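A quick write-up on the structure given underneath.
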Amino acid sequence: MSETTDLAEMTRRVAQREELLGRLRKILIEHLQLRREVDELDPDAPLFGSGFGLDSLDAVELVVCLETEFGLRVNDPTVLRQSFRSLNTMIDLVLGHAGPA
């Protein structure tokens, strides 16, 4: 690949991650009633515990939202636990589910 193609691909991937980050932030604020501003939701902060303070009921709501918003169904609890660490790990889950574009 040429440098121009590499740069275009990297730009496309960054834009895709940013779009997903915005959608996931919106889910946290609107569906889980997280009382924070969008720009306060650090994509690397833990979703549970001392991070955003989500709990097990919120986790169930997140699973439902992933199914509704992205058509994503994950039956492996280990994968869910790993993917629900932060917004970035959730983005990785969604992108992995979508497969190569």
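The values are calculated or read from the model by the stated rules, or taken from the named source; none is laboratory data. These numbers were taken from a predicted model, which means no experiment stands behind them. Using ideal geometry, Cβ is built from the backbone for each residue, glycine included, and neighbour counts are taken over all protein chains shown.
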Q.
Looking at Arg17, Arg81, Arg25, can you tell me which residue is modelled with pLDDT under 95 and either closer than 18 Å to His97 by Cβ or in a helix (DSSP H, G or I) (or both)?
A. Arg81
Q.
Considering only residues that are surrounded by fewer than 17 Cβ atoms within 10 Å (Cβ to Cβ), under 11 Å from the mean Cα position of the chain (by Cα) and not acidic (Asp, Glu), which ones fall in segment 19-47?
A. Gly22, Arg23, Lys26, Pro43
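Residues are listed down the side, and each one gets a yes or a no for (1) touching a residue at least 24 places away in the same chain (Cβ under 8 Å); (2) of a type in the set (Gly, Ala, Ser); (3) surrounded by 11 or more Cβ atoms within 10 Å (Cβ to Cβ):
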| residue | (1), (2), (3) |
| --- | --- |
| Ser2 | no, yes, no |
| Asp6 | no, no, no |
| Ala15 | no, yes, no |
| Ser86 | yes, yes, yes |
Q: Evaluate segment 48-63: report whether one residue or more is part of a helix (DSSP H, G or I), without any contact (Cβ under 8 Å) to a residue 24 or more places away in the chain and surrounded by 12 or more Cβ atoms within 10 Å (Cβ to Cβ).
A: yes
